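The values are calculated or read from the model by the stated rules, or taken from the named source; none is laboratory data. Since we're looking at a predicted model, the values are computed, not measured. Using ideal geometry, Cβ is built from the backbone for each residue, glycine included, and neighbour counts are taken over all protein chains shown. SASA here: full protein model, heavy atoms, side chains in, ligands and nucleic acids out. Shrake-Rupley method; radii C 1.70, N 1.55, O 1.52, S 1.80 Å.
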Amino acid sequence: MSDVSRKSTPWLDIGLLARNRDFRNVFIARTISLLGLGMLSVAIPLQVFELSGDSARVGLALALEGGGMFAGLLLGGMLADRYDRKCLILLARMAAGLGFVALAINAFWAHGRPEQEVLWAIYLLALWDGFFGAIGVTALLAAMPHIVGRENLLQARALSMLSMRLAMVVSPAVGGLLIALWGVSWNYLIAALATGLTLLPLLGLPRMRPELPDKSHPLRSLAEGLRFLLGNKVLAGVVLVGVLLTFATAIRALFPALVQTTYAGGAFELGLMYSAVPLGASVAALLSGWASQLARPGMAMQFIGLGAFVCLLALGLSAHFFLALVLLTLFGGLVAVAALLQYALVQGHTPDAYLGRVNGLWTAQDALGDSVGTLGAGWLAQALSPLGSLLVLGGASLILGVGALAGLPALRNAPLEAVSPVAVSRATS
């Protein structure tokens, strides 16, 4: 598609799927995987809440998953700058699939076992799956410039986001319905089967070794990546704003309590709440064609984030379920566009030699912020009502977001890309 045609329409160009076989294989694999993971996203919080009746326990399970992701992202970033990224993706997928199988076994044989034993198994397996899932994510992020070229990164990310969000719209609602009919065990089993299927298209990817493999000591390697990240004012600003947005998305830890105490619903209503956020993100990704034309994407990202925080405030002021679904849909769309611009800025301002570590560190802050946020949201719900917790989270995020907008001039004025868009040479086998 020509540059002129891209400027004339806000719609996402899907031509990359037809032109690039390797990206098409990644797209298919991610879509299959996310259909299973979306069902899993309902199963773990609901099973923990049904076993304990405690939002803090739900927050703990999500926090442990995020903690595993944090460790996996840091390790995965170093590995992706040293070893073949295709091998890392495949090994991580297989390990995560084994974790889903274990969750299914734990749920099938939960009856008659002590409640704490079942809960601790969920906690440990959430940590396991977060860890290995993160290694695969980091390797895939580092591999994308090899697969599509830097000039196509924003388009590729938008397409991936669209498939991810559409899958997350359908699968949580289906997952909630399956739980209501047959229980959580089948959700875990389907997630395991979906993960196994993703290996088939991923086997067709080329080998992707780093151009300049990092051979320094792991701790020194990580420190070098951190220095590069913090020394770049644009990347450091992206991380800071990303932390605020991640804290905002931690409201999902409140969904089970909101459904039971505020909206008088059950598993199906909970599935709809988990589906509303990705629905908004899907629409936003579909209409993201304009994003590549922004002269000041950093400023746009910050203002969009402020809009998401306003949605949280409005959500805390209403006790109506259908209005909550509308606000969550809008919230999901705003967060998705902000995340798309974050990704483009990170990839566009990072050379190949640092792609693994910078992507690992950038996404690690997301995982750490998610862990702290979900844990904090669960504890906050014990002191306040779920709606009161939303008000506190939304208000604090909005105040901090305004401060970040005023204090990050480099991010406000950054172009979309600082690294030369010369095609990145593919590593050969």
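Okay, here's what the table says:
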| read-out | value |
| --- | --- |
| The stretch 299-359-the stretch 157-211 distance, computed between alpha-carbon centres (Å) | 22 |
| Separation in nanometres of the label points that stand 7 Å from Cα toward Cβ, at LYS233 and LEU181 | 5.7 |
| Positive-end residue of PRO45, LEU60, PHE131, charge dipole of the chain with Cβ unit charges | PHE131 |
| With Cα atoms, 0 to 90° folded angle of helix 386-407 axis to the chain main axis | 20 |
| The chain: most fluctuating residue of PHE309, PHE331, PHE23 per GNM, C-alpha cutoff 10 Å | PHE23 |
| For the chain, built as a Gaussian network whose Cα springs stay under 10 Å, the top-fluctuating residue of ASN106, ASN20, ASN232 | ASN20 |
| Residues listed by number, the stretch 180-210, amide nitrogen under 19 Å from GLU50 label point at 7 Å toward C-beta | 180-192 |
| Solvent-accessible area per residue, Å², over the chain with all protein chains present [probe radius 1.4 Å] | 40 |
| Only Lys, Arg (+1) and Asp, Glu (-1) charged, at Cβ; the chain dipole about Cα centre in debye | 1020 |
| Among VAL310, LEU154, LEU91 - extreme Cα towards positive end, dipole of the chain, charges at beta-carbon | LEU154 |
| In nm, spacing of pseudo-spin labels at ALA223 and GLN382 (7 Å Cα→C-beta vector) | 3.8 |
| Phi to ³J(HN,Hα) by Karplus 6.51 cos²θ - 1.76 cosθ + 1.60 over the stretch 308-315, Hz, x for Gly, Pro | 5, 5, 5, 4, 5, 4, 5, 5 |
| Calculated FRET efficiency for the pair MET94/THR261, C-beta based, R₀ 25 Å, to 0.05 | 0.05 |
| TRP290-PHE268 pseudo-label distance in nm [points 7 Å out on the Cα-to-Cβ vector] | 3.7 |
| Theoretical FRET efficiency, 1/(1+(r/R0)^6), r = Cβ-Cβ of LEU193 and LYS215, R0 30 Å, to 0.05 | 0.15 |
| Most fluctuating residue given options LEU416, LEU91, LEU270, as computed from a GNM of the chain linking Cα atoms under 10 Å | LEU91 |
| Selected from THR249, MET301, GLY271, residue furthest toward positive end of dipole (the stretch 207-315; charges at beta carbon) | MET301 |
